[in-house]
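A short write-up of the structure that comes next.
Every number in this text was worked out from the coordinates using simple rules, so none of it is lab data. Here the structure is a predicted model, which means the values were calculated and not measured. Cβ: placed from backbone, ideal geometry, glycine included. Neighbour counts: every protein chain shown.
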Amino acid sequence: MDIALASTWIRAVATAVEEHRDQLTQLDAAIGDADHGANMSRGFTAVSAALETFEPATVGDVLVKTGSTLMSTVGGASGPLYGAAFRAAGKVLTEPSASPRQLVEALHAATAAVTQLGAATLGDKTMLDALAPAVTALEEALFHGADLAAATAAAAKAAEDGAHATTPLQARKGRASYLGPRSIGHQDPGATSTALIFTTLAAVVAAR
Ligand SMILES: [Mg+2]
């Protein structure tokens, strides 16, 4: 991944968030406060604007800028969580291009940041339930010799499967956990937006 691809990815996420804004809102309306679509839209609109004038020297610069902008523009839990994730990933990627191996390391750092800040574990019905399996799938695919396109496609599939698998879970973290058993039967909005970020990554890598 080079700087141009990272920038293309983040801009494509902004477009995807707009396309899925209503879906994210509806999912959050079911088990939260119905602001996830608006929050993600506001955040990535600001990110797109910030990247317009930004001159990154490394792949990490793009991701750190993304994370910092999300932190300062997105309310609720998702701003700090996505902000920390992108910033942690970006801090690993200190060169103008990143190898697949470095991308895996960056995503491990993002996962660690989300895990620490959210104090969540797998199965808590959070974004981690999409993020962690995606990173595992990416790493395994690369280990078995897949190219980046195939590996990111595998990661996207794992993220989507992970997001779908949150539906029967009872939330143990975040606002949805206040609902107790009534959180069962709804897909987690944060896991859904995380899956969107990975499906977008796979799409831009495939189109490269
Ligand atoms: Mg919300």
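For the stretch 39-141, the set of trypsin sites (Lys or Arg not before Pro) satisfying both a DSSP loop assignment and a count of at most 10 other C-beta atoms within 10 Å is empty. When you filter the chymotrypsin sites (Phe, Trp or Tyr not before Pro) in the stretch 1-78 for DSSP loop state and at most 15 other Cβ atoms inside 10 Å of their Cβ, you are left with F54.
Database remark: amide H of D2 closer than 5 angstrom to the amide H of A98 (H placed geometrically; neighbours at sequence offset of 5 or more, or on other chains; Pro and chain starts carry no H).
Convex hull volume of the Cα atoms in the stretch 3-207, per residue, in Å³? Residue-normalised Cα hull volume stands at 93 Å³.
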